[in-house]
Amino acid sequence: MLSIYSDTHRLHHGQAELMDGKLQPCFEMPSRADMVLERVKKVGLGDVRGPDEFGKSPLLRVHSAAYVQFLETAWAQWSALGRTHDALPLVWPVRGLRTDRIPTDIDGQLGYFAMDAGVPITAGTWEAIRQSANVALTAMQAMVNGEQSAFALCRPPGHHAAADYMGGYCYLNNVAIAAQGFLDRGAKKVAILDVDYHHGNGTQSIFYDRSDVMFVSIHGDPLVEYPHFLGFADEYGAGPGFGFNHNYPLPHGSDWKVYEAALADSVRKLKVYAPDVLLISLGVDTFKDDPISQFKLENDDYLKMGQYIKDIGCPTLFVMEGGYAVEDIGINAVNVLLGYEGR
Ligand SMILES: [Zn+2]
């Protein structure tokens, strides 16, 4: 399987995120991608190539122009005030507040375009997130050109980012950008299966009212787990998209037995939909030792996950999302790919 990867992700290395009431070192760190790349090479998964440049237009197919402009200019606005530490939001437009005008100062903009404080913006963030989207787009283009599967080793991840907000370590929604890329190149219907421990709220919201992208997610129950405000089982889609969104919230402590039942049901739905292309939001924070998650999957369970995905029976693009047990993230992510390949 072809992998796409860029070293540019290193330019994004947040110093701190708000966790347990304290600013703590970010769990989303550059070594995550290093461990996955190392494993890809160690098992001989296939060629590893750098990304091509796709420019801003594919980003604007799923994100608002105002949001993309904010991401591009946030650090310059922030540092112009003499601030040298990471930019973080500190106020959010919750129920009853006005969202019909975008603040003109950077603190207001950070709150307007963020859902939480897990999205530090640094001097290199824009370049890193732009290139992460290029990694996904390059893998997409390789498949349009004939590859039957590919692995986009994206960092930062993307599935919490919606059309006009960032959150949960995510800025540009790489999997949504690639899915739209397939549609723009002739695919009629695509599906996204999100196996990250956290609900892919950004991806769901981008495609919620559309029938050309089915979204299926298996994740920690939002009643007790981030992102808390989306990802419940009664979210089926809206308007023409009704029936094309499926959530499987699972309780804390879910092991492979519980997970497999949800995965098997997801696979059944995806087979009925029969997409031209399948994209996988590949998070491996479902692992038993993940420091911020509560599922109990073991290393070998990821091989079985890959076999289930293969059984859906269509060209498949894997897009890296979360996973924070750094020593095991490479083994688990690549196990899904090896399981898919029947190795
Ligand atoms: Zn996650």
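The values are calculated or read from the model by the stated rules, or taken from the named source; none is laboratory data. Everything numeric here is computed off the predicted structure, so don't read it as measured data. As a convention, Cβ positions derive from the backbone with ideal geometry for all residues, glycine included, and neighbour counts pool all protein chains shown. Protein only, heavy atoms only, side chains kept; ligands, DNA and RNA dropped before computing areas. Shrake-Rupley method; radii C 1.70, N 1.55, O 1.52, S 1.80 Å.
Within a Cβ distance under 15 Å of Gln15, other residues only, what is the Lys/Arg minus Asp/Glu net charge?
With Lys, Arg at +1 and Asp, Glu at -1, the neighbours total 0.
Would you calculate a helix-derived [θ] at 222 nm for the chain, using -39,500 (n - 2.57) for each DSSP H run of n ≥ 4 and dividing by the full residue count, to the nearest 500? Please report the intermediate quantities before stating the final value.
On the way: 10 runs with 120 residues, N = 343.
Calculated at 222 nm, the ellipticity per residue is -11000 deg cm²/dmol.
Between the range 230-262 and the range 83-135, how many Å separate their Cα centres?
Here the two parts' Cα centres lie 28 Å apart.
Could you give the length gained on full extension between Lys269 and Val91, defined as 0.36 nm per residue of separation minus the Cα-Cα distance, in nm?
Gain on stretching Lys269 to Val91: 60.1 nm.
What does the charge dipole of the range 1-60 about its Cα centre add up to, to the nearest 20 debye, if the Cβ of each Lys and Arg holds +1 and the Cβ of each Asp and Glu holds -1?
120
Considering only DSSP beta bridges whose two residues both sit in the chain, what percent are antiparallel, to the nearest 5?
15
Which number gives the lysine pairs in the chain that have C-alpha atoms under 22 Å apart and are eight or more places apart or on different chains?
Counting lysine pairs in the chain gives 22.
Could you look at the chain and say what percent of its accessible area is carbon and sulfur, using a 1.4 Å probe and all protein chains?
C and S atoms contribute 54 percent here.
Tell me, what is the per residue accessible area of the chain in Å², probe radius 1.4 Å?
Per residue, the chain has 39 Å² of solvent-accessible surface.
What helices does the chain hold that run 20 Å or longer along their axis, going by alpha-carbon atoms, with a Kyte-Doolittle average of 0.0 or more, using DSSP H for the helix calls?
In the chain, the long hydrophobic H runs are 65-79, 125-144, 326-340.
Which of the three applies to the chain, rounded, prolate or oblate, going by the alpha-carbon gyration tensor with a ≥ b ≥ c and a/c under 1.5 meaning rounded?
Rounded is the answer for the chain, as its axis ratio a/c remains below 1.5.
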